[in-house]
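Trainee: Below: one structure in C-alpha cells.
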Amino acid sequence: MICAMPHTCTIQRRYQKQRLSYASGTAAFHLGATVTGGVSGATAVIDRIVGTAVTGYLIVKTVTGTFNGTETLTDDGSAPVGSATMNAAQIAYKNDSGEYEYYWTDDQTVVPARFYTVRSRVTVLTPGQFPGMTTYVILYPTIAIDHLNYRIKSTTTGFTPASGIYQILSVKAPYNSMALDHYTLELKELAST
C-alpha cells in the first residue's frame, strides 16, 4: 500500500531539437522568436540560427505540428519579420559530433511525491570521507515516467539539489495484489549549470 505523499515535484520531459533548412530568405530570423509554417501552421521556438538571412537553417524547439519542407517560414520577431522558404523536410537536429540535441520542458507539475534518502553502506572511512546518501522518490502509478526521457525538478526543502534537478537512475514498479502500487525512482543530483 502506498504511503502519504507530503512533497511535490515537477516531472520534466526531454525532446529532440529539430532542424528547419531554408533558402530565399528576405529578412533575418530572430533568436527566441516563434517561427510559423505558412501552409502547415506548425510552430516552433528558434533556439539557434546557422547561416545568413538568405540561406541556412534554424535549430528549433517546442515544435507543434510538422513543417512540410517547402512552405514559407515567418517569425514573430521585431520588424522586419524573419522570412524564408524551406528547402528540405523537418529533421531531428544533430550537432557537429553527430549527436542529437535535446531540450527539457515541464511535463507534469505539482506531482504528489515522497522524497527520502538511504545511507549507503561504507565499511571503512578515510579521514574527510562521509557515508554517501542515495535519494529516492515515490510517485503514484498514474504518472508517465521512464529513466531516459524524464527527470525530476524538486523544490521540497531538504531535497533540493543546487541545480534543483535530479537525473533518474532507475525506475522500480512494485506490484501489490497484481496491480501497480507505485513507482520508486533512484535519483542522482545534477550539477548546476
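The values are calculated or read from the model by the stated rules, or taken from the named source; none is laboratory data. Being a predicted model, the structure only gives us computed values, none of them experimental. All Cβ positions, even for glycine, are placed from backbone atoms using ideal geometry, and neighbour counts span all protein chains on display.
Trainee: (1) part of a strand (DSSP E or B); (2) at pLDDT 95 or above: which one isn't true of residue 115, the others all being true?
Mentor: Just one mismatch for residue 115, condition (2).
Trainee: Within segment 1-57, which strands (runs of 3 or more DSSP E) (wholly inside it) include 2 or more residues that are crowded, with 17+ Cβ neighbours inside 10 Å and free of Cβ contacts under 8 Å to residues at least 40 places away in the same chain?
Mentor: Filter on segment 1-57 gives 43-51.
Trainee: Can you name the condition, by its number, that residue 116 falls short on among (1) in contact (Cβ under 8 Å) with a residue 40 or more places away in the chain; (2) in the same structural domain as residue 154 (by TED's automatic domain parsing)?
Mentor: Tallying (1) in contact (Cβ under 8 Å) with a residue 40 or more places away in the chain; (2) in the same structural domain as residue 154 (by TED's automatic domain parsing), residue 116 fails exactly one: (1).
Trainee: Filter segment 153-172 down to the residues that are surrounded by 12 or more Cβ atoms within 10 Å (Cβ to Cβ) and more than 17 Å from the chain's Cα centre (by Cα), then identify the one that is nearest to residue 139 (Cα to Cα).
Mentor: Residue satisfying both the conditions and the ranking: 171.
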